[in-house]
Amino acid sequence: TDAGFRVTRNIGGTGIIGLLKNGTGPLVMVRADMDGLPIEEKSGLHNASKAKQTDWDGNDVFVMHACGHDVHMTSLVGTARIMSGNLDQWSGTLMLLGQPAEERVIGARNMMKDNLWQRFGKPDAALALHVSSEIPTGMLGVFDSPYSGADTVDIIVRGIGTHGASPHRGIDPVVLASQIVIGLQTVVSRTLPPREPGVITVGSFHSGTKHNIISDQAKLQLTVRSETPESRALLLDGIRRVAENLGRAAGLPNKLLPEVFISEESVPPTWNDPEFTSKLTSVWSDRFGKDVFVQGKRLGMGAEDFPLFTADPYIPSTYFAVGGTPKSAFEEESRGGTPVPSHHSPLFKIEPRASVILGVEATVSALLSIMEP
C-alpha cells in the first residue's frame with residue numbers, strides 16, 4: 001500500500017494481491033509464498049523465532065521460517081518499492097501475489113478457487129523464486145523442471161484384533177502394513193522405467209495402543225513424487241495393487257481389504273516455459289555475468305503448488321532459485337566441519353542480506369525486460 005499498490009486481502013483464506021497499473025502493456029504476476037513450519041528454531045541466530053501458534057489439530061506449537069519464505073516475502077516488498085519508484089522504466093500492470101499454505105500445497109488452489117483471474121485478470125507471464133540453502137549466495141539456479149509433482153496418500157490397513165499372546169485368533173494389521181511398506185519399494189524399482197524418476201515414501205505408520213493387544217487397524221501416510229502423468233498413474237495404481245493384494249494374501253475378506261485414499265493436496269510438476277526462461281537467463285547473464293548460474297542437476301524431488309497458478313490455463317512462467325548459504329559454509333563442510341542445514345531443519349539459516357538483494361535484483365531486472373515501455 002505504501003508503494004502505491006492497490007491491495008486486496010483475504011483471498012482464498014489469507015492470500016494477498018497487490019496491483020500497480022502503469023500504462024498499457026502486459027499483466028505480469030510475481031508470486032511469493034509466506035507460510036512457516038511447526039518447528040522450534042535452534043539456529044542460534046539473534047533473530048531466531050520464539051513464536052508459537054495453534055496448528056490445524058489444535059496443538060500449541062513453535063513456528064519458524066524453516067524454508068526461507070520470509071526471504072521470498074521480503075524480496076517481494078523490495079521489488080514493489082523499486083518498481084513503484086521507477087515508473088518511467090516499464091509499462092503494464094504488475095501483480096504481486098502473497099500466497100499462504102504452500103507447505104500444505106493448498107494455498108494456490110484455495111486462491112484459484114476464489115476466482116483469482118476472473119477478479120484480477122489472467123497474467124500474461126509469471127515469476128517466482130525460492131531461496132536455496134544448497135546454492136551459494138550470489139548465484140542463481142534455473143532448471144527446466146525445478147520441482148516434481150506430488151501426491152499425498154493415506155492407506156487404511158484393517159485387521160482382526162486379538163490378544164498379543166494369541167495371534168492365530170486374528171489378522172495382525174501391523175504385520176500386514178509392514179509388508180505393504182516393503183512391497184511399495186518395488187513399485188518404483190520394478191514398475192517405473194529405470195530412467196524415469198519417482199519416489200514413494202512412507203512418512204508415518206500408526207497402529208495399536210498397548211504391548212499385548214493386536215489392534216484391528218493401522219494407518220500409513222505416504223508422499224508420492226513423479227514428473228509425468230504416466231509415471232503418476234503407474235505409481236498410484238501400483239500402490240493400490242500392492243496394498244489390496246497383500247491384504248488378500250493375509251486372508252482378509254474383500255470388505256476388509258486395505259483402502260487407499262489420494263488427497264486433493266496434489267500438485268503437478270513445475271515446468272519452466274523454455275522460450276520465456278531463455279529470455280530471462282539471457283537478461284540475468286548480461287546483468288550478473290555468465291558465472292552466476294549454478295551448474296549440475298536437481299537431485300531431490302521437492303514439490304511446489306506454484307503450477308496450480310500457471311498450468312491450466314497455461315501461463316508462461318519461470319521459477320528460479322536464489323543462493324542462500326555463504327560459500328565459506330560449504331568450504332567448512334567439505335573440510336569435515338558443520339554440515340550446511342537443510343530446509344525444514346530447526347537449524348535452517350540463510351544469509352539474509354545477500355539473498356534478499358539478489359532476489360530483488362533478479363526479479364526487477366526480469367520485470368523490466370518483460371515490461372519494456
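The values are calculated or read from the model by the stated rules, or taken from the named source; none is laboratory data. The shown structure was predicted, so the numbers you read here are calculated from the model rather than taken from an experiment. All Cβ positions, glycine included, derive from the backbone under ideal geometry; neighbour counts span all protein chains shown. Areas reflect the complete protein model, heavy atoms only, side chains present, ligands, DNA and RNA absent. Shrake-Rupley method; radii C 1.70, N 1.55, O 1.52, S 1.80 Å.
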| Is it true that some residue in segment 140-150 is within 28 Å of residue 302 (Cβ to Cβ), open to solvent by 40 Å² or more (accessible area, probe 1.4 Å) and part of a strand (DSSP E or B)? | yes
| note | Quick count over segment 42-78, residues being polar (S, T, N, Q) and over 16 Å from residue 346 (Cβ atoms), is 4
| request: Evaluate the following for residue 221: is it over 25 Å from the mean Cα position of the chain (by Cα) and in contact (Cβ under 8 Å) with a residue 40 or more places away in the chain? | output: no
| task | Determine which member of the set 71, 157, 153 is touching a helix residue (DSSP H, G or I) at 6+ places or on another chain (Cβ under 8 Å), under 30 Å from residue 334 (Cβ atoms), open to solvent by less than 40 Å² (accessible area, probe 1.4 Å) and at pLDDT 95 or above. | result | 71
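Quick grid of which residues meet (1) of a type in the set (S, T, N, Q); (2) modelled with pLDDT of 95 or more:
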residue	(1), (2)
215	yes, yes
220	no, yes
226	yes, yes
229	no, no
237	no, yes
240	no, yes
243	no, yes
247	no, yes
254	yes, yes
| said: What's the number of the only condition in (1) among the β-branched types (Val, Ile, Thr); (2) over 21 Å from the mean Cα position of the chain (by Cα); (3) more than 23 Å from residue 268 (Cα to Cα) that residue 28 fails to meet? | reply: (3)
| query | Within segment 201-218, can you find the residues that are in contact (Cβ under 8 Å) with a residue 60 or more places away in the chain and not in a strand (DSSP E or B)? | reply | none
| field | Unique match (being over 28 Å from residue 326 (Cα atoms), touching a helix residue (DSSP H, G or I) at 6+ places or on another chain (Cβ under 6 Å) and open to solvent by 30 Å² or more (accessible area, probe 1.4 Å)) among 119, 109, 104 | value | 109
| Looking only at segment 50-61, and only at residues there that are in contact with a strand residue (DSSP E or B) (Cβ under 9 Å, 6 or more places away or on another chain) and open to solvent by 70 Å² or more (accessible area, probe 1.4 Å), the one that is nearest to residue 365 (Cα to Cα) | 50
| said: Looking only at segment 161-200, filter to residues that are among the β-branched types (Val, Ile, Thr) and touching a residue at least 60 places away in the same chain (Cβ under 8 Å); which one of those is least open to solvent (accessible area, probe 1.4 Å)? | reply: 180
| field | Set 311, 303: member being within 30 Å of residue 136 (Cβ to Cβ) and at pLDDT below 95 | value | 303
| message | Against the definition (over 15 Å from residue 242 (Cα atoms) and among the small types (Gly, Ala, Ser)), how does residue 164 come out, yes or no? | response | yes
| Is there any pair with a first residue in segment 102-126 that is more than 14 Å from residue 265 (Cβ to Cβ) and acidic (Asp, Glu) and a second that is open to solvent by 30 Å² or more (accessible area, probe 1.4 Å) and assigned to a loop (DSSP other than H, G, I, E, B) whose Cβ atoms are under 6 Å apart and which are 6 or more apart or on different chains, and what are they? | 124/26
| So how many residues does segment 227-278 have that are crowded, with 21+ Cβ neighbours inside 10 Å, part of a helix (DSSP H, G or I) and within 23 Å of the chain's Cα centre (by Cα)? | 4
| Does at least one position in segment 24-45 carry a residue that is touching a helix residue (DSSP H, G or I) at 6+ places or on another chain (Cβ under 6 Å) and farther than 18 Å from residue 72 by Cα? | no
| task | Consider residue 1 carefully, then state whether it is within 22 Å of residue 80 (Cα to Cα) and surrounded by fewer than 13 Cβ atoms within 10 Å (Cβ to Cβ). | result | yes
| remark: When residue 193 is run through (1) at pLDDT 95 or above; (2) in a loop (DSSP other than H, G, I, E, B); (3) under 30 Å from residue 266 (Cβ atoms), the failure sits at (1)
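Yes or no, residue by residue, for (1) among the small types (Gly, Ala, Ser); (2) under 15 Å from residue 148 (Cβ atoms):
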{"position": "188", "(1), (2)": "no, yes"}
{"position": "207", "(1), (2)": "yes, no"}
{"position": "228", "(1), (2)": "no, yes"}
{"position": "264", "(1), (2)": "no, no"}
| task | Just give me the residues in segment 59-92 being among the hydroxyl-bearing types (Ser, Thr, Tyr) and within 21 Å of the chain's Cα centre (by Cα), in sequence order. | result | 74, 75
